[in-house]
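The values are calculated or read from the model by the stated rules, or taken from the named source; none is laboratory data. If you're wondering where the values come from, they're calculated on a predicted model, not measured in any experiment. Cβ atoms come from the backbone with ideal geometry, glycine included; neighbour counts cover every protein chain shown. Surface areas here come from the heavy atoms of the whole protein model, side chains and all, with no ligands, DNA or RNA. Shrake-Rupley method; radii C 1.70, N 1.55, O 1.52, S 1.80 Å.
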Amino acid sequence: MPWIDACGADEIDREDVLGWDHGGRAFAIYHGVDGRFYCTDGLCSHEQVRLEEGLVMDFEIECPRHNGLFDYRTGAALRAPACDALATYPVKVEEGRVQVLIE
Amino acid sequence: MRRRDGPAVRDTLIWIALHIVFAAGGIYFWGSWLAVPFWLAYGVLYGSACDSRWHECGHGTAFRTRWMNDVVYHIASFQVLRNPVNWRWSHARHHTDTVIVGRDPEIIWMHPVKLGLKALAYVGIVDVWQSSRVLLRNAAGRLSPDERDYIPESEWPKAVFWARVHVAIYAAVALSVLVLLASGMGWRSYIPALLIGGPRIYGCWHMVMTGLLQHGGLAEDVLDHRLNSRTVYMNPVTRWLYWNMNYHIEHHMFPMVPYYSLPRLHELIKHDLPPPNTSILDGYRELFAAVLRQRREPGYALKKELPPTAKPYRPHLHADIPERTNA
């Protein structure tokens, strides 16, 4: 399984999110308040809205359309109307580049 | 954009304090005409301001802290006589399919418009009757086909549970009135009902006054919120009670922006929006002219003019409403 180069680590401010499309799929990459990077599906599990337009607060991402809330570390849905978890993907940073492991 | 707890904590403490002050005044001056303004003010705080608190906390935008949104959401849902589970989902649908006929469960201006019923809405009787029936039906464990459509099955038991909680509280209020009547308290026996439940009738006029303006008379079945929603400049007291939902186009375009930031958002994007109505009266003039015409021409809708600098509305891009999945 290859690690895929996604973006520069300096492209995402801390406590912020960046949308990333790869292989016809949408992903969201987060720069957490702990300084680490995380990656989830890029579309809300409620109505397929792109999450990179949403609001990152601490370790949570809020969908911009209906305010569904997820923990982007685990993908867990925290508030209706989001009920189903987002898939999460391993992330590493090498030489200033964020890489995502996609199965 | 950053979300904060401060503005909503401040406004909620004021809201609670005013409930206490006005209720205390109404009880203290009971039997005198001096009690009337206290009850009227209490009624609006309970029976109208609850709607905006329900709305903002339902979105989860009023407070940054999640449990604060949830607590105020449940209190306000009870006050406004809405099942907190059902309405969370109906409102999500309202934002997905705003004024899309057959999809949006929160269309207020159903056709043909019945002006008599709309007038009665200001005293809450019809709405309370209908909402009570829904609550009782839910408490009995039954959800309507529509509710089963827009509420995920996993949430149905919660809808029944909260309906039972609400019904139990109303039953306790009714019982306390009966006990007080039986103990010879006379008219004072009705104070519990004036405090809990009653304001949804005698204090809802402000909620109705502002709510009818949100989408009334405007385009149905369009996806551009500039055409199906209305922004109206309102006085500061109304904006506080209504938590700035007079900036309704802005709210529908950016539902995650909290109420306290809507005036600032309005300033940032107003060049791209239709000119706002300048007052509540101005909004009602426009609304009723359109509604009265709709009674003669059911297909008519007021088409808001966009500024020349705005990105134009392209009807051909909105000709087909896409198929939706349930939820």
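Select from B:301, B:182, B:171 the residue whose mean-square fluctuation is largest in a Gaussian network model of chain B (Cα-Cα springs shorter than 10 Å).
Its mean-square fluctuation being the largest, the pick is B:182.
Using Cα centres only, tell me the gap between segment B:262-284 and segment B:123-192 in whole Å.
Centre-to-centre distance over Cα atoms comes out at 37 Å.
Work out how much length residue B:33 to residue B:101 would gain on full extension: take 0.36 nm times their residue separation and subtract the Cα-Cα distance, in nm to one decimal.
Contour length minus Cα-Cα distance gives 19.8 nm.
In a GNM of chain B with a 10 Å cut-off on Cα contacts, which of B:117, B:143, B:194 has the highest mean-square fluctuation?
Answer for the Gaussian network model of chain B: B:117.
Which are the unpartnered cysteines of chain A, meaning those with no other cysteine Cβ under 4.7 Å from their Cβ?
Flagged as lacking a Cys partner: A:7, A:39, A:83.
Quick one: pull the percent of accessible area on chain A belonging to carbon and sulfur, 1.4 Å probe, ligands and nucleic acids left out.
43 percent
May I ask for the accessible area buried between chains B and A, both sides summed, probe 1.4 Å, to the nearest 100 Å²?
Counting both chains, the buried surface is close to 1800 Å².
Tell me the mean residue ellipticity at 222 nm calculated for chain B from its helices only (DSSP H runs of n ≥ 4, each -39500 (n - 2.57), averaged over every residue, nearest 500). Don't skip to the end; give the middle numbers.
Numbers: 17 runs with 187 residues, N = 327.
After summing the helix terms and dividing by the residues of chain B, the value is -17500 deg cm²/dmol.
Which residues, if any, in segment A:61-103 have at least 20 Å² less accessible area in the whole protein complex than in the isolated chain, probe 1.4 Å?
A:62, A:64, A:65, A:66, A:67, A:78, A:79, A:80, A:81, A:83
Can you compute the charge dipole magnitude of the protein assembly as shown about its Cα centre, using +1 on each Lys and Arg Cβ and -1 on each Asp and Glu Cβ, nothing else charged? Give it in debye, rounded to the nearest 20.
Dipole magnitude for the protein assembly as shown comes out near 1900 debye.
May I ask you to find the residues of segment B:243-288 that are shielded by at least 20 Å² of accessible area once the whole protein assembly is considered instead of their isolated chain (probe 1.4 Å)?
Checking the loss per residue gives B:255, B:256.
Which is the longest part of chain B that has none of the GluC sites (Glu not before Pro) sitting in a DSSP loop with at most 12 other Cβ atoms within 10 Å? The partial results should precede the final answer.
Values: sites that count: B:305, B:323.
Between the exposed loop sites, the longest stretch runs B:1-304.
Return the ratio Rg/(2.2 N^0.38 Å) for segment B:36-167, where Rg is computed over Cα atoms only.
Segment B:36-167 yields a ratio of 1.09.
Quick one: with all protein chains in place, what share of the accessible area of chain B is carbon or sulfur, to the nearest percent (1.4 Å probe)?
67 percent
For chain B, modelled as a GNM with alpha-carbon contacts under 10 angstrom, which of B:202, B:259, B:170 fluctuates the most?
B:170
Kindly provide the trypsin sites (Lys or Arg not before Pro) of segment B:106-140 that DSSP labels as loop, not H, G, I, E or B, and whose Cβ sees at most 13 other Cβ atoms within 10 Å.
B:114
Let me check something: with ligands and nucleic acids excluded, how do B:11, B:221 order by accessible area (1.4 Å probe), largest to smallest? Numbers along the way, then the final one.
Working: B:11 5, B:221 65 Å².
The most accessible residue leads, giving B:221, B:11.
Hey, what's the Kirkwood Rh for the protein assembly as shown if you take every pair of different alpha carbons, in angstrom?
Radius from the Kirkwood sum: 23.5 Å.
Which helices, counted as full DSSP H runs in chain B, have an axial Cα extent of no less than 15 Å and a Kyte-Doolittle average of 0.0 or above?
The qualifying helices are B:6-28, B:35-47, B:125-139, B:156-182.
Per residue, how much accessible surface does the protein assembly as shown expose to a 1.4 Å probe? Answer in Å², no decimals.
47 Å²
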